[in-house]
Every structure is written in structure tokens, then in C-alpha cells.
Amino acid sequence: MLSGGLITLLTPFQLVAVLRRRWPGLHRMSGRLLVIAGLLTAICGLTFVGGRGTIGGTVMDVGFTLYGTLLGLAAVQTYRSAHRREFDRHRTWALRFFCLAIASWLYRVHYGLWYFVTGGLWSEPDFSGGFDKVQVFAFYLPYLLLLEVYLRREPLRL
């Protein structure tokens, strides 16, 4: 959980262009730290889900397994593309990593907004409600989809 919190808090700073330009060494060093934390988060989460399962059952297991797999993949690809000096590819993978890194925060925001608006309609304490089953995918997949649409429509300039 600590590494997940770290990537949620620090990954947005990697996207700040002025910080990257002024302190490229800091960008590289913190990027490596974030990749390690992302991999640790993914591996630990996947190990937990695989070993104990989630409170929400099979649907939540599948949603969180996919999330962890994508987070780990994005971390590796972000590093690999930077290491190979493929900076356009690095930027696209870094944006994917960013979306996934903030997803655990978005998960909580979604629930907060849902409970505020509906009082918790279709949500159960064991995460078996209709909203819960959608939420295990909705906290990251729509954001990745929107990012992919954006990346294909506009040249990337960060």
C-alpha cells in the first residue's frame, strides 16, 4: 500500500515540463523510483489477489488482476522506452503509467461521488452490487481509453 500511495502522489510531478527541463537528473532518478514502486505495487497486489482473493469475489479479482497487470506493464514499458531513448514512446507509456498510478485515488473518488449522489445505490458492503462490479473496471479502463483516443488524434507535446 505504501508503494501505491507513493506512485499516486509523486507520478503527477513527472508530467510537469518545467521540472523535467530544469532538473532532468531528478526526473530520471524519481522516474526510476516510481517504476520500482509501480512494479512493487503491481507484484504485491497480484500476489495478494492470487493468494487470498478480494472481498468482491471473482469480478473484483478479475478487475484488480487486470489493473495490476496493466500497471506493471506500463511501469516496465515506461522505463524501457526511456532507457532506449525512444522519447515519444516513453511519453505515451508514461501517460499510461500516470493514468494507472492515479487510478487508486480515482477509485475512492468514484465511490465518494456515487455515495454523495445516490446514497450508495447498487453498492454492497461485500462489493457485490451492480455499481461495485462496474467500478472494478471503471476506475482505470475509461481513462486509458480516453488517453488512447487522445494519443491517436493529437501529436504528443509535453
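Which residues make up the longest stretch of the chain clear of trypsin sites (Lys or Arg not before Pro) that lie in a DSSP loop with no more than 13 other Cβ atoms within 10 Å, not counting the sites?
In the chain, the maximal stretch lacking such sites is 1-83.
Where the only charges are on Cβ atoms (+1 Lys, Arg; -1 Asp, Glu), what is the dipole of the chain about its Cα centre, to the nearest 20 debye?
Around 1020 debye, computed over the chain.
Give the accessible surface of the chain per residue, rounded to a whole number of Å², with probe radius 1.4 Å and ligands, DNA and RNA excluded.
The answer is 62 Å² per residue.
Return the whole-Å distance between the Cα centroid of region 131-154 and the Cα centroid of region 38-52.
Rounded to whole Å, the Cα centres lie 21 Å apart.
If packing is taken as the average count of other Cβ atoms within 10 Å, what order do 63-70, 43-50 fall into, highest mean first?
Ranked by mean Cβ neighbours within 10 Å, highest first: 63-70, 43-50.
For the chain, take N as its residue count and report Rg(C-alpha) divided by 2.2 N^0.38 Å.
For the chain, the normalised Cα radius of gyration is 1.10.
The values are calculated or read from the model by the stated rules, or taken from the named source; none is laboratory data. What you see is a predicted model; the values in this text were computed from it and never measured. Cβ: placed from backbone, ideal geometry, glycine included. Neighbour counts: every protein chain shown. Only protein heavy atoms, including side chains, enter the accessible area calculation; ligands, DNA and RNA are left aside. Shrake-Rupley method; radii C 1.70, N 1.55, O 1.52, S 1.80 Å.
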